[in-house]
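Take a look at the structure set out below.
The values are calculated or read from the model by the stated rules, or taken from the named source; none is laboratory data. Since this is a predicted model, take the numbers as computed values, not measurements. Cβ: placed from backbone, ideal geometry, glycine included. Neighbour counts: every protein chain shown. Surface accessibility is based on the protein's heavy atoms, side chains included, excluding ligands, DNA and RNA. Shrake-Rupley method; radii C 1.70, N 1.55, O 1.52, S 1.80 Å.
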Amino acid sequence: MVKHVIPKTYEEALDHLSEGTFKVLAGGTDLMVKNRSWSETPARFKQDILYIHNLEELRYIEDRGDYLAIGALTDYETLLRHEAVPQVLKDCMLEIAGPGIRKVGTLAGNIGNASPAADGVLTLYLLDAKLVIEQKGSAREALIDDVIVGPGKTTLSNEEIIKEIRLPKTRFTKTRFLKVGGRKADAISKVAFAGAVTIEDGVVKDLRMALGAINVTVVRLRDVEKRHIGETISAVQDNIVSIKNAYVPHIKPIDDQRSNRVYRKRVAFNMIEDFITTMHTQD
Ligand SMILES: Cc1cc2nc3c(=O)[nH]c(=O)nc-3n(C[C@H](O)[C@H](O)[C@H](O)COP(=O)(O)OP(=O)(O)OC[C@H]3O[C@@H](n4cnc5c(N)ncnc54)[C@H](O)[C@@H]3O)c2cc1C
């Protein structure tokens, strides 16, 4: 029989997780849908569930100098209202679901669910987010790219939990989050784009682009970005064809109920081109 446990403390949660049989439930906005049962009956879980929603010690946003620390249970609405949260992440979160889901949904849950179309994950790639992952008696820190390995797949073991998300502080001159969905709210991305650039005296000092829903995980090509650091705006823009060519092997969308590969591909390349050609102007 499946166990349902609500730990009173984070330490107790780690104790339960060490049994290796539990699935963490935070906001439940992915898990409840995935395990839904007949109408008006409770969700049917196939494995033990550890409800962590009452662990207040995991709900915080702290400025720690070089980085912003976000406790794993911090919901989207709280993040949206916090002044230290980067604007591009706020722009992204405003496009996630609707107010009801945002009141309980978490970035940690978005990571744990590891959908190729996860909007929060896309923006966390852009921001070089690091995750503090703990289990009873040990902790590790990992770049988000190294945690998500495929659709619904992460490197998290059954004993581990994401405790905190760390966002290194960076000042960009322009950021953009763009999502194409079937409607304005409560829509899963057909394609999504997050971009950031820092330009000083006409020279590109930082350039980042991340694309979602066009491959099994987020596509961010750090080597391509780095190639253009130190170039003038016009030098980067003159290279738009070679930049787009570099993405060709990585933009491999699928056909599904939401869209098709031809449309997704076209939109993804348009998003890259539009960001590069307008990176020096304000939207
Ligand atoms: C109507 C609706 C609209 C939606 N719209 C969007 C959208 O626009 N964009 C989008 O990206 N998503 C969307 N979602 C999906 C969902 O809301 C998000 O993925 C949300 O961030 C999940 O967070 P949660 O806390 O509810 O996760 P949960 O459902 O609690 O958990 C999801 C997964 O993460 C794991 N997990 C949760 N917390 C932790 C932790 N601390 N450590 C380790 N693993 C953990 C769980 O075990 C589970 O595997 C939508 C969902 C619904 C129902």
Conditions (1) away from the ligand (no atom under 16 Å from the Cβ); (2) open to solvent by 10 Å² or more (accessible area, probe 1.4 Å); (3) in contact with a Ser or Thr (Cβ under 6 Å, 6 or more places away or on another chain) -> A213 fails only (1)
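Scan L156, L131 and give me the residue that is part of a strand (DSSP E or B) and within 11 Å of the ligand (Cβ to nearest atom). Give the steps one after another, and end with the answer.
Working: L156 fails: part of a strand (DSSP E or B).
Step by step, each of L156, L131 is checked, and only L131 is part of a strand (DSSP E or B) and within 11 Å of the ligand (Cβ to nearest atom).
Give the residue, chosen from I254, I229, I162, that is in contact with an Asp or Glu (Cβ under 9 Å, 6 or more places away or on another chain) and either part of a helix (DSSP H, G or I) or open to solvent by 20 Å² or more (accessible area, probe 1.4 Å) (or both). Explain how you work it out, then say what you get.
Numbers: I254 fails: in contact with an Asp or Glu (Cβ under 9 Å, 6 or more places away or on another chain); I162 fails: either part of a helix (DSSP H, G or I) or open to solvent by 20 Å² or more (accessible area, probe 1.4 Å) (or both).
When all the criteria are applied, what remains is I229.
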Index of the failed condition, T170 passing every other in (1) open to solvent by 40 Å² or more (accessible area, probe 1.4 Å); (2) within 13 Å of the ligand (Cβ to nearest atom):
(2)
Among what's in region 78-87 and is more than 22 Å from V180 (Cβ to Cβ) and either outside any loop (DSSP other than H, G, I, E, B) or in contact with a helix residue (DSSP H, G or I) (Cβ under 6 Å, 6 or more places away or on another chain) (or both), pick the residue that is farthest from the ligand (Cβ to nearest atom).
R81
Filtered residues of region 188-203 (kept if part of a strand (DSSP E or B) and crowded, with 23+ Cβ neighbours inside 10 Å)
V191, A192, F193, A194, G195, A196, V197
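Considering each of I101, I96, I70, I111 in turn, give the residue that is within 12 Å of the ligand (Cβ to nearest atom), in a loop (DSSP other than H, G, I, E, B) and among the aliphatic types (A, V, I, L, M).
Details: I101 fails: in a loop (DSSP other than H, G, I, E, B); I70 fails: in a loop (DSSP other than H, G, I, E, B); I111 fails: in a loop (DSSP other than H, G, I, E, B).
Step by step, each of I101, I96, I70, I111 is checked, and only I96 is within 12 Å of the ligand (Cβ to nearest atom), in a loop (DSSP other than H, G, I, E, B) and among the aliphatic types (A, V, I, L, M).
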Residue list for region 70-90, restricted to those being in contact (Cβ under 8 Å) with a residue 40 or more places away in the chain and surrounded by fewer than 18 Cβ atoms within 10 Å (Cβ to Cβ)
Q87
Of (1) closer than 28 Å to L127 by Cα; (2) within 12 Å of the ligand (Cβ to nearest atom); (3) open to solvent by 50 Å² or more (accessible area, probe 1.4 Å), E56 satisfies every one except (2)
Given (1) within 18 Å of the chain's Cα centre (by Cα); (2) assigned to a loop (DSSP other than H, G, I, E, B); (3) basic (K, R), where does K90 come up short, assuming only one miss?
(2)
What pairs come up if the first residue lies in region 270-282 and is under 15 Å from V180 (Cα atoms) and outside the structural domain of Q237 (by TED's automatic domain parsing), the second is of a type in the set (S, T, N, Q) and part of a helix (DSSP H, G or I), and their beta carbons are under 9 Å apart, counting only those six or more places apart or on different chains?
none
Of the candidates V241, V147, V248, V197, the one satisfying the condition of being on the phi < 0 side of the Ramachandran plot, touching a strand residue (DSSP E or B) at 6+ places or on another chain (Cβ under 9 Å) and either of a type in the set (D, E, K, R) or not assigned by TED's automatic domain parsing to the domain that holds R64 (or both) is V197
Given (1) within 16 Å of the ligand (Cβ to nearest atom); (2) among the β-branched types (V, I, T); (3) surrounded by fewer than 16 Cβ atoms within 10 Å (Cβ to Cβ), index of the condition V262 fails:
(1)
Residue identified as closer than 19 Å to A185 by Cα and not in a loop (DSSP other than H, G, I, E, B) among V24, V33
V33
When you check R176 against the structure, is it under 15 Å from the mean Cα position of the chain (by Cα), at pLDDT 95 or above, open to solvent by 40 Å² or more (accessible area, probe 1.4 Å) and under 26 Å from A69 (Cβ atoms), yes or no?
no
Scan region 88-125 residue by residue and report those that are more than 24 Å from E160 (Cβ to Cβ) and out of contact with any Ser or Thr (no Cβ under 6 Å at 6 or more places or on another chain).
K90, D91, M93, L94, E95, I96, A97, G98, P99, G100, R102, K103
